Amino acid sequence: MSSSVHTSVSRRSFMRILGAASAAATSFPALAAVQQPAAAPAQGARRGFGGDAGMMRHLSPDTVIISSNENPLGPAQSALSAISETAPLGGRYHQEETMKTVAVFNDLFGLKPGYLALTPGSGGPLDLALMSNIGPDKALVYGDPSYEQGFRAAETMKAPKVPVPLNATFAHDVKAMVKAHPSPGAYYIVNPNNPTGTITPREDILWLLANKPAGSVVIVDEAYHHFSNEDSVIDQVAADKDIIVLRTFSKIYGMAGLRAGVAVARPDLLAKFSTVAPPARSLASISITSSAAARASLQDKELVPLRRKINADVRSETLEFLEKHNYKVVPGSQANFFMVDVKRPGRDFQAAMIKENIAIGRSWPAMPNFVRVTVGTKQEMAKFQTAFVKCMDTAPGAANGASLYMPEYHVPSELYRG
């Protein structure tokens with residue numbers, strides 16, 4: 001998502017979304033998950049983001065895409081069935097479909113009506129959560145390295161940026177964050193953290209909520225929460241604390257292209273979203289098929305534990321391989337990605353891997369020689385291992401990677417999650 005893009009939402013469209021939160025709690029029988037790899041994207045889908053993709057050379061159609069933290073399993077069968085059943089209703093708006101999904105989420109987390117916004121993706125509500133609480137006199141305090149949408153929102157809002165290094169375990173250093181600024185507008189915590197995959201313990205976030213300055217808001221991005229063993233902090237929303245929690249169906253639920261996400265907060269904090277100035281995109285309303293798929297995924301009791309295990313097993317096998325070959329990785333990932341030291345600028349190594357038909361993730365200024373790698377299928381990670389060793393055995397610069405990388409190729413990235 002470009003830092004130049006402002007985000008706003010009209011009061012009418014936003015209140016239409018929030019109106020869905022008044023639905024009564026509804027329960028449905030669980031649906032079984034059938035784990036099947038998602039169909040490979042068409043070559044055209046790999047060309048780039050927005051604009052004229054024809055200006056970039058295509059990645060090979062057999063390129064392994066492990067750069068954007070997507071789930072290679074795609075939507076669960078329960079979600080696909082829900083889409084198929086709901087699609088014939090697409091000739092009408094059917095707001096009640098969205099209300100059903102809101103009610104299911106509320107019932108799962110003990111939320112009162114008005115505490116949830118169901119949206120097409122999580123990028124929009126994340127921007128609104130950030131932008132509605134920061135500004136020229138309201139700083140943003142965030143971990144470093146962490147997901148770039150935080151400081152990009154601060155740049156957009158001309159808010160002071162206060163990065164705080166992660167601690168020795170690569171968790172957010174909440175005590176240092178409180179000391180970093182006397183009265184920030186917001187603290188931004190990604191948990192598990194992107195790019196390190198590491199966890200900030202729940203008790204640390206609770207400490208931050210209890211010790212932050214009055215008037216500040218804690219924004220917790222739980223995009224990758226389901227891959228971890230940590231408890232959520234959504235219960236702190238139900239307890240009316242100064243907290244906004246973001247969730248997405250793009251990751252463990254495999255719905256990145258279907259666009260579904262939620263913002264969970266007190267009604268007064270959600271209402272502030274509508275104060276963010278235009279020009280920008282509106283949150284709009286989620287499609288009834290995406291809403292149905294999200295609802296079915298929430299009700300599918302086997303989906304999360306099964307996919308968490310699949311991801312953990314493949315991640316562990318890959319990390320064991322890297323450690324066996326004495327490659328340095330950031331320890332403690334509980335996400336569907338990890339970071340590894342490539343002993344050279346990450347951008348150059350990323351380019352060298354493209355030559356081997358492996359698209360890996362980017363690096364961060366705070367850790368310039370580390371690259372982030374998404375956990376793909378077992379077969380994809382086997383190809384990654386072979387290419388990784390080959391590229392590491394090649395002297396830095398020998399591949400002339402920098403000239404290969406841009407603007408000819410675009411490596412897919414979750415930065416443009418919408």
In segment 119-223, the GluC sites (Glu not before Pro) that fall in loop regions by DSSP, at most 14 other Cβ within 10 Å: none
Along the Cα→Cβ direction, 7 angstrom out, place labels at residue 207 and residue 176. What is the inter-label distance in nm? 1.3
State, as an integer percentage, the relative contact order of segment 75-299 based on alpha-carbon contacts under 8 Å between residues 6 or more apart. 31
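Quick one: length gained pulling residue 230 to residue 377 fully straight, 0.36 nm per residue minus the C-alpha distance?
Extra length available between residue 230 and residue 377 comes to 50.6 nm.
Could you order the peptides 90-98, 345-353, 227-235 from most to least packed, using the average number of other C-beta atoms within 10 Å per residue? Provide the component values of the computation, followed by the final result.
Values: 90-98: 14.1, 345-353: 23.0, 227-235: 17.9.
Top of the packing list down: 345-353, 227-235, 90-98.
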Label-to-label distance, nm, for residues given as residue 390 and residue 317 (7 Å Cα→Cβ offset): 2.0
Taking the alpha-carbon distance from residue 301 and a cut-off under 29 Å, which lysines remain once sequence neighbours fewer than 8 residues away in the same chain are dropped? 100, 112, 241, 251, 309, 378
Protection proxy ranking of 189-195, 325-331, 73-79, 314-320 - average other beta-carbon atoms within 10 Å, highest first: 189-195, 73-79, 314-320, 325-331
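Every read-out reported here was derived from the displayed coordinates using simple, explicitly stated rules and does not represent laboratory data. Note that the structure is predicted; figures quoted are calculated from it, not measured. Positions of Cβ are backbone-derived with ideal geometry, glycine not excepted, and every protein chain shown enters the neighbour counts.
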